[in-house]
Structures are given as structure tokens and as C-alpha cells.
Amino acid sequence: MDDIAESGSPQGVLAKASIPEVEVHDIAQQPRVVVVDSVQDPGNIGAIVRTAAAAQFDAVVATKGSADLWSPRAIRASAGTIFALDVLGNAEMSSVLDLLLNNGHTIVAAGGDGPSELKQLRNTERMTLVVGSEAHGLAAVASQTASSYVRIPMGPNVESLNVAVAAGLIMYQMQDNSVGQ
């Protein structure tokens, strides 16, 4: 087990699983989606997936340039919740956002320079959160397509949050204000 495990202290359990095939059209039908743009750390990707499952989101899409959703480290960071959501990797950002918009999604972009504070966010029935990498932020197409562009207020000595932490805060805000709750 030590020879094949990628972690320092394997648990002694081995499983074989198939990667579910999910189409972007299926994801567009879901009410709550997270799009992860160019996040390269598989630990952050896995943490976002895990938090999405906890916040009762339905799907996670990772764009081209993001870490592999199915890497051992991402799966481990997701604590297995990657199998509970629709997930799609290596997606083309503008195509995904166009399809989500055409299926009634409100696109919420998150960034430190967003003009609206998170508490001002008003939720709709179908919503997509788009988060970018800490190093490069959001792709221009995401901020241009977004219906809302929000920022998380922070203290004076803090420049930014880890992308998984920021995504989690926003997902729970989107959950708290969900239509019909």
C-alpha cells in the first residue's frame, strides 16, 4: 500500500471507482453551481467541492487551467463529496457561462475589487458562483458576464482570502438567501 499511495500515511483502504460522465447541459439544469476559474491547487479545488456539497450546491465546474478535479489530492480534500455532486473539468469558461445564462442562471462573480459587498447579494432560483485563482483573479469574461460582482469585506491588514474560504463564505450566503427557504 505504501508503494502506491500518494499520501504520507495511507489508511489501508483501496477502492476502484469510475469517473461519472457529466455534460455541461446537465449542470445548467441545476439550481446552484460553482465555477472555479484557473485554480491550480488541487487541495483548494477539493475544499471547494466539499464546501459546495455541505452548502447544498449541486455542481462544480473547473475551467481549463484549473487543477484536475479527479486528482488524488483533490479527491482527498473533497473527503469523497466529489461523488455526491455533478462535476465537470477542463471546461471553456465563456461557453459554460453562456449556457448557464441561457438556462436562467444569475452569474455571481467574486473578487476583491467587486463593487458590491457580499451582504448586498440578492439570490434567485438559479445561481452560479464564479471564483478565480488567488494569483490572477477572475477571467475578464466572468466579470463582464456576471449579474453581480461581489467582494467580501475584510480588515485593513488583510489583502485577500484563500479561494476555498472565500468560495465557502459566498456559497453559504447564497444558501441563506435561497428562494423559498
Residue within segment 119-139 that is within 16 Å of L97 (Cβ to Cβ) and of a type in the set (S, T, Y) present: yes
Qualifying residues in segment 11-40 (those that are in contact (Cβ under 8 Å) with a residue 60 or more places away in the chain, over 15 Å from T81 (Cβ atoms) and out of contact with any strand residue (DSSP E or B) (no Cβ under 7 Å at 6 or more places or on another chain)) - the one surrounded by the most Cβ atoms within 10 Å (Cβ to Cβ): A28
Test: residue in segment 47-59 that is touching a residue at least 24 places away in the same chain (Cβ under 8 Å), within 15 Å of G132 (Cα to Cα) and part of a strand (DSSP E or B): no
Selection from segment 113-147 of residues that are of a type in the set (G, A, S) and under 24 Å from V87 (Cα atoms): G132, S133, A135, G137, A139, A140, A142, S143, A146, S147
Segment 135-151 - residue that is touching a residue at least 60 places away in the same chain (Cβ under 8 Å) and crowded, with 18+ Cβ neighbours inside 10 Å and, of those, farthest from D41 (Cα to Cα): A142
Whichever residue in segment 74-104 is of a type in the set (A, V, I, L, M, F, W, C) and in a strand (DSSP E or B) and, among such residues, is farthest from Q56 (Cα to Cα): A91
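Would you mind stating whether I107 is part of a strand (DSSP E or B), in contact with a helix residue (DSSP H, G or I) (Cβ under 6 Å, 6 or more places away or on another chain) and at pLDDT 95 or above? Reasoning before the result, please.
Details: part of a strand (DSSP E or B): yes; in contact with a helix residue (DSSP H, G or I) (Cβ under 6 Å, 6 or more places away or on another chain): yes; at pLDDT 95 or above: yes.
Spelling it out, I107 is indeed part of a strand (DSSP E or B), in contact with a helix residue (DSSP H, G or I) (Cβ under 6 Å, 6 or more places away or on another chain) and at pLDDT 95 or above.
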T124 being assigned to a loop (DSSP other than H, G, I, E, B) and under 20 Å from F57 (Cα atoms): yes
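The values are calculated or read from the model by the stated rules, or taken from the named source; none is laboratory data. Note that the structure is predicted; figures quoted are calculated from it, not measured. When we count neighbours, we look across all protein chains shown, and the Cβ atoms used for this are built from the backbone with ideal geometry, even at glycine.
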